[in-house]
Amino acid sequence: MTLSRARSFTVAHPGEDWPDIARRALSGLETDAALEALKSWNLHLFLRKPGGRILGSDVIFTEAPLVHSQPTDG
Amino acid sequence: MDLIIRNGRLVDGTGLPSFFGDLGIRDGRIVHVGGRIPGSATREIDAAGRVVAPGFIDPHTHFDVQLLWDGQARPALEHGITTVIPGNCSLSLAPLKAEHRPRLVGMFQQIEEMPDAAFDGAFEWTWESFDGYLEALRKKLAVNVAPLAGHSVIRLWVMGDAATERAADADELAAMQQLLRQCLEAGAIGLSTSFVDVDENLQPVPSRYAHFEELDALAAVLGEYGRMLQVVPEFYATDITLARVDQLAELSLKHQIPTTFSPLFDSAAVPDNVARVLARVSEQMARGARVWPQVQTRPIDISFTFEVASLLFAFTPGWYRTMRLPREQKIAALANPEHLDGLINEAEPDGNIERFDTIRVRAVIRREDAGLVGRTLGDIAAERGSTPARVMVAISLANDLQASFLAANLGHNDPARVGPLLAHPMVHIGASDAGAHIQSFSTYGDTGYLFSHFVRDRQDFTLEAAVKKITADTARIWGISDRGLLQPGLAADVTIFDPAIIDRGDEEAAFDMPEQGMRYVRHARGIEAVIVNGELAWSAEAGYSSAHSGQVVNA
């Protein structure tokens, strides 16, 4: 069965920092632009202290939230 | 025959329609189901008008510590729970080197709100290995225990302080795999990990430093045994939870293991959360992955005093930090107008008083404040020309921090949404957290609430379907092969109850922890008898028995 499209994400590999992830996950963008994009999509990591620290288990989104249909009542 | 339960309504755990008849037990096993059993037995119970069901299984508990001094897991047993699964959320009491005990205690106290008294002198640490822990447990067990091994302690054992600093190297990964293998050989039912928890210094627990490669390597070991992976996802953020569902599905398919995540809450604040998560779970299940969301039956209610830092304040850091101060410093801070103004601005930004408006005063120690009990902070604030947060602090200070408050129905409290959710075929009823958060709410009685609220009152389930959810389904999900059904040859775990009465009792404060420590409990209503491996462990007539027939069970 084919999965429906979901918001894409990645995880950090050991030793990777944000520029590494930006280059790997958003290779079509300049690094600075990719970093800004990652920051805007991963506020859950940048709002914690220390901001932007990557833990090995973190989910890192590589695109903006998808627009999804709202479930209807009944 | 050792025990015959006569004339009961047999709800056998299959979900099929119930029927009337006798149940026979010999040597801890069920030997006869249905019909009339001729002759007599050493003990007989007349169950006329009562339901006879398999013992209930609670898949998300933190009884790890309590079981060392209370092998009956009170009061879970009296609610009909005959098997508990501790070791959730990456935390277990083994494997654990002696030098790491303080760190484990700190994590337990922070995450599960276990008081000092639970660890200080309440039991003797005699083990480091998982096998040694089980040996200590077996001495007193009156319930069955299917324990998980915690990822955080496995990481701590292998990496020491580096467990909260960096990724594991290849040698450390291999060592963790071997350690997990030893736990599974000893009897662990699986591995637990957490993506959200913090330690007593509010720093991430060791499991959160693990890269996916590490979890994959450990899941490979689980695959050798077909055992469970339990995780705590970022349940407050739908998109992240969806990503976790996909990760778990990947591990489940690759290693052919069952996985479960807990909790999944319904929330008015994020009304589409459950629907989106269940849609993804359904897609992954259709691919053959086993990703079971655990859903609790009870609404979210939190009681608190200013004596201890409550999880209710986890998202208002100023309050949380203040509540974690040593007692005298805390009183001084709350009494300091400047500090209090800062807290009020955080709690009631721009005059928005909704956050604390509906919280009720639960108990006070000052006689002159007795009239406040049961009233909302909003009501008291209006009377005093103040705000809810200010009157809460004022009442706390006036009562030497011992006033308690109840924040009720914080979420998961719309029965029209929660009922169908619980009945969903891909929902695993659990997430009770029994034995944890003991000073914030009672984690006992969720099964009684299931029957009273969602079977009897709302009829979201048939009786048979509800029993199946918390017995046979749970056993199958976790791979517990010899429990969960009334079937000849299976272990004789049996709960007898009155379907017209079964319920959870009122939440009350009990002082039955070591050194008279306080916790919130609920006693059972409508449970008649609870039988564990053929022995009567609890009855409404005689209370807890001296039987210690509980076993360590695994897949």
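The values are calculated or read from the model by the stated rules, or taken from the named source; none is laboratory data. Since the model is a prediction, treat every value here as computed from it, not as a measurement. Here the Cβ positions follow ideal geometry from the backbone for every residue, glycine too, while neighbour counts run over all protein chains shown.
Numerical summary
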{"quantity": "Condition met for B:Ala275 (within 9 Å of chain A (Cβ to nearest Cβ), more than 26 Å from B:Asp58 (Cβ to Cβ) and surrounded by fewer than 23 Cβ atoms within 10 Å (Cβ to Cβ))", "calculated": "yes"}
{"quantity": "Residue within the range B:520-535 that is under 25 Å from B:Pro147 (Cα atoms), more than 22 Å from the chain's Cα centre (by Cα) and outside any strand (DSSP E or B) present", "calculated": "yes"}
{"quantity": "All positions within the range B:232-251 that are farther than 20 Å from B:Ala275 by Cα and surrounded by 19 or more Cβ atoms within 10 Å (Cβ to Cβ)", "calculated": "B:Leu251"}
{"quantity": "Restricting the range B:105-140 to residues that are touching a helix residue (DSSP H, G or I) at 6+ places or on another chain (Cβ under 7 Å) and among the aromatic types (Phe, Trp, Tyr), the residue that is surrounded by the fewest Cβ atoms within 10 Å (Cβ to Cβ)", "calculated": "B:Trp125"}
{"quantity": "Subset of the range B:36-64 (residues that are at pLDDT below 95 and part of a strand (DSSP E or B))", "calculated": "none"}
{"quantity": "Test for B:Gly411: is it outside any helix (DSSP H, G or I) and either of a type in the set (A, V, I, L, M) or over 30 Å from B:Asn273 (Cα atoms) (or both)", "calculated": "no"}
{"quantity": "Only one of B:Arg362, B:Arg417 that is assigned to a strand (DSSP E or B), closer than 18 Å to B:Ile300 by Cα and over 21 Å from the mean Cα position of the chain (by Cα)", "calculated": "B:Arg362"}
{"quantity": "Residue selected from the range B:183-207 under the condition within 13 Å of another protein chain (Cβ to nearest Cβ) and crowded, with 24+ Cβ neighbours inside 10 Å, by the criterion nearest to B:Asp161 (Cα to Cα)", "calculated": "B:Pro206"}
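One line per residue, one yes/no per condition, for (1) without any contact (Cβ under 8 Å) to a residue 40 or more places away in the chain; (2) more than 30 Å from B:Ala217 (Cα to Cα); (3) within 13 Å of chain A (Cβ to nearest Cβ); (4) buried (at least 21 other Cβ atoms within 10 Å of the Cβ):
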site: B:Leu253; (1), (2), (3), (4): yes, no, yes, no
site: B:Gln256; (1), (2), (3), (4): yes, no, no, no
site: B:Leu264; (1), (2), (3), (4): no, no, no, yes
site: B:Val281; (1), (2), (3), (4): no, no, yes, yes
site: B:Gly288; (1), (2), (3), (4): yes, no, yes, no
site: B:Val291; (1), (2), (3), (4): no, no, yes, yes
site: B:Phe304; (1), (2), (3), (4): no, yes, no, yes
site: B:Gly318; (1), (2), (3), (4): yes, yes, no, no
